[in-house]
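Reviewing the structure listed below.
The values are calculated or read from the model by the stated rules, or taken from the named source; none is laboratory data. Quantities reported herein were computed from a predicted structural model and do not represent experimental measurements. Cβ placement follows ideal geometry from the backbone for every residue including glycine, while neighbour counts extend to all protein chains displayed.
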Amino acid sequence: MQTKQEIIDQVINGLIEQGQQAIEDDTCMYRSPTGLKCAIGMLISDEDYDSRMEGHGINELLGNSWLPENIIAIEETYPKLLRNLQSFHDSYNRKMGSFTKYLQSEKYQREYLLL
């Protein structure tokens, strides 16, 4: 099991490398049709991804058979981390400027992830 910081680093680094949100028709997605991933999507392997996850927040998916075991384990070990990661990704607004700068902002990382 990864530490909380390792999970955060994996997500933030993946999103920075990707450079943009996983969004389609103004709706955030775990995986977009073009292959972009949201924060939680960064933690879901290609083999474990299920398109039925789309349209459901993490709260709705917890306890659902579609959710991969590693995601369930993260929730059990670090309660609220997944919801915070999802909020961190979904709260970005283009008016904030660069998505990469948003991701690197200590303010947002502290506000959403490290508390």
- prompt: For PRO33, which of the numbered conditions (1) closer than 25 Å to GLN104 by Cα; (2) surrounded by fewer than 14 Cβ atoms within 10 Å (Cβ to Cβ); (3) touching an Asp or Glu at 6+ places or on another chain (Cβ under 8 Å) fails to hold?
  reply: (1)
message: Within the stretch 49-65, take every residue that is among the small types (Gly, Ala, Ser) and under 22 Å from LYS4 (Cβ atoms) and give me the one that is surrounded by the most Cβ atoms within 10 Å (Cβ to Cβ).
response: GLY57
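I need the helices (runs of 4 or more DSSP H) fully contained in the stretch 35-115, keeping only those with at least 3 residues that are modelled with pLDDT under 85. Full working, then the answer.
Working: elements: 58-61, 69-77, 81-90, 99-104, 106-109.
The helices (runs of 4 or more DSSP H) meeting that bar are 81-90, 99-104, 106-109.
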message: Looking at the stretch 66-77, can you tell me whether even one residue there is closer than 23 Å to GLN5 by Cβ, surrounded by 14 or more Cβ atoms within 10 Å (Cβ to Cβ), of a type in the set (S, T, N, Q) and under 14 Å from the mean Cα position of the chain (by Cα)?
response: yes
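Name the residues in the stretch 3-27 that are out of contact with any helix residue (DSSP H, G or I) (no Cβ under 8 Å at 6 or more places or on another chain) and under 21 Å from LEU61 (Cα atoms), would you? Quick ask: steps written out before the conclusion?
Going through the stretch 3-27, the residues out of contact with any helix residue (DSSP H, G or I) (no Cβ under 8 Å at 6 or more places or on another chain) turn out to be 3, 5-6, 9, 13, 17-18, 23-27.
ILE23, GLU24, ASP26, THR27 - these are the residues of the stretch 3-27 that are out of contact with any helix residue (DSSP H, G or I) (no Cβ under 8 Å at 6 or more places or on another chain) and under 21 Å from LEU61 (Cα atoms).
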task: Hey, can you tell me all the residues within the stretch 28-62 that are within 20 Å of ASN84 (Cβ to Cβ) and out of contact with any helix residue (DSSP H, G or I) (no Cβ under 8 Å at 6 or more places or on another chain)?
output: GLY41, HIS56, GLU60
